[in-house]
Amino acid sequence: SYLGVGMRRRNWELARRGALDVVVGARSAVFAPLPNIKVIIVDEEHEGAYKQSEKLRYHGRDVAVRRAQMLGVPVVLGSATPALESLANAARGKYARLALPDRVDKRPLPTVSIVDLRRENSASGLLSRPLLAAVTERLERGEQSLLWLNRRGHSHHVQCRGCGWTPECERCDITLTLHSDPLELRCHYCDHRQPAFQQCPECKMPLLRFGGAGTQRVERELAQKFPKARVLRLDTDVARGDREEPAKILEAFARGEADILLGTQMIAKGLDFPNVTLVGVLDADVALHLPDFRAAERTWQLLVQVSGRAGRGKRPGEVLVQTCTPDHPAIAAVATGDTAAFVKEVLAERREVEYPPFSRMVALLVSGPDETEVESAANALAERAHAVADEYGVTVLGPAPQALARLRNQHRWHLLLKGQDAARVRAAAAAAIAWAEEPGRKLRVRVMADVDPVEVL
């Protein structure tokens, strides 16, 4: 995705002419025009980033499977934490499951310990006492630590202690995040920016409270707690200015030029640093309680992936997971390593409410600049969907505002159609959309269908 247009065109032409043996790429590489493909490999197949959610909506993994079927070649879906849909396909015999139960050279998995933040002294900062002690031990032994927090910026939100005012984005229904370098308030959806306040613009009180720590705030605390430690931070803020910066940071850490690597999802997978013997998860609950039925699955996947960065060399690894919900199945499964029990529990919940992988879904998305028109169109679209539901054997959920009800000045509603037969669910969605596209209807909203949505927010 970072290739220039010229380089992308050059590589495309080389592939088309058969001048390349291997094409490596992100989501769109699945369309590479190699004339003699013999295998397609999808690494980290569970990743939601394989779903293109704008313009042409497709899932790179599913396209890879379909293209392999059309060509009559194998497709390999690789993951330490497969998507539940893929596990279900393996259980049904649709996929062959090949298990790799051991690490390279049969190295042991890291030990995982849970730190219950409810019992920690809040005055100790963002790093609990056990984590501080573990980092100190690694510094003394000349070993490296990786600290993970899937939230960039300094503070997730700012609030006035006097009147309760919180700054929000003028284009999105989301609070602004405080960044310290440079000092500003920023929207992580539309990138709106404005100067940080020194006092509340509503009541003029200077009593501002900063909540929800991000990587910039952790970096500051590390400098205070470990003034002699060499710390590198890697998140999209660091990468924004220079496309080569992430590679430079990772190469420097691999050479041993830093003791601690602090970062977001960018450091959670695919990295192999033999001298990293400690992984600290600063807040395991960041995405656990999002209004999405896949929240627990994604949290489990991320925690397992980041835990796997520890102990990849000859020395054993240790993982400390800080959380306020230590008994949650997703977090308990990481601590015990009992993946089968977690998957069984989640699948039982999905089966009860007929969510994927026990049904197929299509989300109908309605958006536009006028809130009243969007709501009216969503209700009318839902009425039409309900009218054809019995004919196609589908269930209609909604309509309702999306969790982020306004994004980039577009108001957003959605409804879900689900059923056992994928073709009938798609046909029901098409029948509902056909009503919206009838000549003369002149809806001043945009209606989109998202087949097999990855995010249901």
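Some values worked out for this structure:
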item: Scan of the stretch 47-61 for residues that are open to solvent by 50 Å² or more (accessible area, probe 1.4 Å) and either without any contact (Cβ under 8 Å) to a residue 12 or more places away in the chain or farther than 18 Å from residue 31 by Cβ (or both), ordered by number; result: 54, 55, 56
item: Checking residue 439 against (1) of a type outside the set (D, E, K, R); (2) open to solvent by 60 Å² or more (accessible area, probe 1.4 Å); (3) in contact with a helix residue (DSSP H, G or I) (Cβ under 8 Å, 6 or more places away or on another chain), the condition it does not meet; result: (3)
item: Qualifying positions in the stretch 360-381 - assigned to a helix (DSSP H, G or I) and either open to solvent by 50 Å² or more (accessible area, probe 1.4 Å) or out of contact with any Gly (no Cβ under 6 Å at 6 or more places or on another chain) (or both); result: 371, 372, 373, 375, 376, 377, 378, 379, 380, 381
item: Out of 330, 340, sole residue that is over 22 Å from residue 261 (Cα atoms), modelled with pLDDT under 95 and either open to solvent by 40 Å² or more (accessible area, probe 1.4 Å) or in a loop (DSSP other than H, G, I, E, B) (or both); result: 340
item: Residue list for the stretch 406-429, restricted to those being more than 11 Å from residue 366 (Cα to Cα), under 25 Å from the mean Cα position of the chain (by Cα) and part of a strand (DSSP E or B); result: 406, 407, 416, 417, 418
item: Residue check, residue 218 of a type outside the set (Phe, Trp, Tyr), crowded, with 20+ Cβ neighbours inside 10 Å and out of contact with any helix residue (DSSP H, G or I) (no Cβ under 9 Å at 6 or more places or on another chain); result: yes
item: Unique residue being touching a Cys at 6+ places or on another chain (Cβ under 9 Å) and either open to solvent by 80 Å² or more (accessible area, probe 1.4 Å) or farther than 25 Å from residue 337 by Cα (or both) when the list is 171, 141, 92, 129; result: 171
item: Where residue 249 falls short, out of the listed (1) closer than 22 Å to residue 304 by Cβ; (2) without any contact (Cβ under 8 Å) to a residue 60 or more places away in the chain; result: (1)
item: The listed residue being part of a helix (DSSP H, G or I), farther than 18 Å from residue 306 by Cβ and either free of Cβ contacts under 8 Å to residues at least 24 places away in the same chain or hydroxyl-bearing (Ser, Thr, Tyr) (or both), out of 64, 90; result: 90
item: Some residue of the stretch 203-210 being closer than 22 Å to residue 318 by Cβ, more than 26 Å from the chain's Cα centre (by Cα) and surrounded by fewer than 14 Cβ atoms within 10 Å (Cβ to Cβ); result: no
item: Residue within the stretch 201-215 that is of a type outside the set (D, E, K, R) and assigned to a helix (DSSP H, G or I) present; result: yes
item: The stretch 389-405, subset out of contact with any strand residue (DSSP E or B) (no Cβ under 8 Å at 6 or more places or on another chain) and in a helix (DSSP H, G or I), residue least open to solvent (accessible area, probe 1.4 Å); result: 391
item: Any hit, the stretch 266-273, residues being assigned to a helix (DSSP H, G or I) and at pLDDT below 90; result: yes
item: Among residues of the stretch 14-59, those that are of a type outside the set (A, V, I, L, M, F, W, C) and not in a loop (DSSP other than H, G, I, E, B), counted; result: 10
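The values are calculated or read from the model by the stated rules, or taken from the named source; none is laboratory data. Being a predicted model, the structure only gives us computed values, none of them experimental. As a convention, Cβ positions derive from the backbone with ideal geometry for all residues, glycine included, and neighbour counts pool all protein chains shown. The accessibility values were calculated without ligands, DNA or RNA, using every heavy atom of the protein model including side chains. Shrake-Rupley method; radii C 1.70, N 1.55, O 1.52, S 1.80 Å.
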